[in-house]
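Single-structure report; data block below.
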Amino acid sequence: MPRKCSVCTHRKRAHINRALLNPKNSLREIAGQYDVSKSTLQRHLKEHLLPAIQLAKKEAELKEGKTAIEQFNAMIKEAEEKYNGSTGALQVSWFREWRSMMELGFKLGMEAQREKQEYNDVTPEVKKLIDHLFEEKNDKE
C-alpha cells in the first residue's frame, strides 16, 4: 500500500498550500518552516495541488457556463471595441492585440467555428482582415 502524502496529512496543510502558491517563497524556505523535505513539497505540488487547482478552474468554467470559444469571442469583441474607441498609436496597439488574438484563435482551430459563423456584427475592415488572415493561412498549407 502506498504511503500517504505527508503534506496532505500535515496539520498545517492549508498554510503549506498557500506558501507553495506564493511565488515569493522558495521550496527550501517552506520545507524548513514546516519541517518537510523539499522533494515532498515538489511531489505534493505536482501530484496533488496543481491537479486540484486545474479541477477547480474547470468547475468554475462550467459554473460560469462559458466555453473556450465563447471566452475567445468575448476577448475579440473587447479588442474590437477598444480599437474602434481609440486613435493614433493606441489604435495601432489595439489592432496588434486583436491580430495576435486572431492568430491564436487560428492556432486553436477557430477556422471551423468561422465557417459556421457569419461575422455580421463586425466592421467591413475587420471582416476584410479576417478573410485576409484565412487566405494567408490557407496559402501556407
When both residues are 6+ apart or on different chains and their Cβ atoms are under 7 Å apart, which pairs have a first residue that lies in the stretch 1-20 and is under 17 Å from Leu50 (Cα atoms), and a second that is surrounded by fewer than 16 Cβ atoms within 10 Å (Cβ to Cβ) and polar (S, T, N, Q)?
Ala19/Asn25
For residues that are touching a residue at least 24 places away in the same chain (Cβ under 8 Å) and among the β-branched types (Val, Ile, Thr), tally how many sit in the stretch 30-48.
2
For the stretch 67-77, state whether one or more residues are modelled with pLDDT under 80, over 16 Å from the mean Cα position of the chain (by Cα) and exposed (fewer than 13 other Cβ atoms within 10 Å of the Cβ).
no
Of the numbered conditions (1) farther than 19 Å from Pro2 by Cβ; (2) out of contact with any helix residue (DSSP H, G or I) (no Cβ under 9 Å at 6 or more places or on another chain), Tyr34 fails exactly one; give the number of that condition.
(2)
Hey, Arg3 hits all of (1) in a helix (DSSP H, G or I); (2) farther than 20 Å from Pro124 by Cα but one; which does it fall short on?
(1)
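The values are calculated or read from the model by the stated rules, or taken from the named source; none is laboratory data. Just so you know, these numbers come straight off a predicted model, no measurement behind them. So basically every Cβ, Gly included, is an ideal-geometry build from the backbone, and we count neighbours across all protein chains shown.
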